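The values are calculated or read from the model by the stated rules, or taken from the named source; none is laboratory data. Only a predicted model underlies this, so the values are computations on that prediction, with no experimental measurement involved. Cβ: placed from backbone, ideal geometry, glycine included. Neighbour counts: every protein chain shown. For accessibility, only protein heavy atoms count, side chains too; no ligands or nucleic acids. Shrake-Rupley method; radii C 1.70, N 1.55, O 1.52, S 1.80 Å.
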Amino acid sequence: MVRLIFVSVIVLHGMLHLIGFAKEWSLSSHDGLSRKNLIDFSWRRSKAAGMFWLFTGILFTASAVFYLTRWESYWLVAAIAILMSQTLIIIYWQDARYGTIINVAILIALVFTAPAMAFEKMAEREIASLKRHATPDRVMITENTIANLPLSVRRWMHRSNVVGKENANIVCVVQKGSMRTRPDGKWMPFQAREYFSINPPSFVWTAKANAAPLIPIAGRDKYEDGKGNMLIKPLFLFTAADRSGDEIDESTLLRYMAEIAWFPHA
């Protein structure tokens, strides 16, 4: 819903720039416009200014399309459109000054949406890498396969209904619940998605917790090639933690081993 509102505002703002185009190209009566500009244009320059209005509106619309299609650099197109728009607004201040409010609102939205998309794209690349390196071998889990396992493990294999089925090479787990950053901290609702590769053992976990309304905290935990990394970014913008090293390697491996219970064929 928020995404659609954001896109709608950008598209509507872009369409409003057509008024400036129509004014300079005499395509409307423009009775409500004052024609008092900061710069007095000649006939030829007024036509060029009209095209500038048109091109700015197209840029805003294009940035909205790029955002919907999740192109990571959409913010750059939007930023150029804002710069061009504000330049025109200053020149046509008497008629267009209120457009500054929308430009500032879009700019603020970009500050938060661009890092969020960059974070999502980073996670998508890591998940794609996990899938690319996962072995495609299929193995049937049979009674003989689990015969030498401890009794409690064999029971779990039966109760989890994996005996008689092929193993999965990639597992996706969707999580929803509450979490907190310290034992006496406030519980925060969160949603997460985790991808596992069984061979080689690896995982990528991405989550978004809501510390407060409109204040998300993004997290990503991963284990790959025997190395772990933990990344925490409040508002997707600031890096609160980006930890690697032996301790993180051990803890992420321990996490992987603990979560094997969700896919016991591993």
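Some points to look at:
- Taking 0.36 nm per residue of sequence separation and removing the Cα-Cα distance, the Arg154/Glu250 pair yields an extension gain of 31.9 nm.
- With DNA, RNA and ligands ignored, accessible area of Thr69 (1.4 Å probe; Å², nearest 10): 90 Å²
- Spatial extent of segment 64-174: Rg and Dmax, with the Cα atoms as the point set, Å: 26.7, 83
- Pairwise FRET efficiency - Lys121 versus Ala258, Cβ, R0 = 25 Å, nearest 0.05: 0.30
- The chain, accessible surface, carbon-and-sulfur percent (1.4 angstrom probe): 64 percent
- Extension gain for the segment Asp184 to Lys165, taken as residue separation times 0.36 nm less the Cα-Cα distance, is 2.5 nm to one decimal.
- Rough spin-label spacing in nm, given labels placed 7 Å along Cα→Cβ, for Gln94 and Lys176: 5.6 nm
- Residues with amide H under 5 Å from that of Asn229, placed H, sequence gap 5 or more: Lys222
- Calculated accessible area for segment 174-236 comes out at 55 Å² per residue, all protein chains present (probe 1.4 Å; ligands, DNA, RNA ignored).
- The chain: most fluctuating residue of Arg125, Arg255, Arg182 per GNM, C-alpha cutoff 10 Å: Arg182
- The chain: DSSP helices with Cα axial extent of at least 30 Å and average Kyte-Doolittle hydropathy no lower than 1.0: 2-24
- Distance cut-off 17 Å, percentage of C-alpha pairs in segment 174-261 lying past it: 52 percent
- Extension gain (nm, one decimal) between Ile101 and Ile5, 0.36 nm per residue minus Cα-Cα: 32.9 nm
- Long-range HN-HN contacts of Asn169 with modeled amide H, under 5 Å: none
- Of the whole protein surface, Ser73 contributes about 50 Å² of accessible area at a 1.4 Å probe radius.
- Pairs of Cα atoms in the chain fall into 5 Å distance bins, from 0 up to the last occupied one, in shares of 1, 5, 10, 12, 11, 10, 9, 8, 7, 6, 5, 5, 4, 3, 2, 1, 1, 0, 0 percent.
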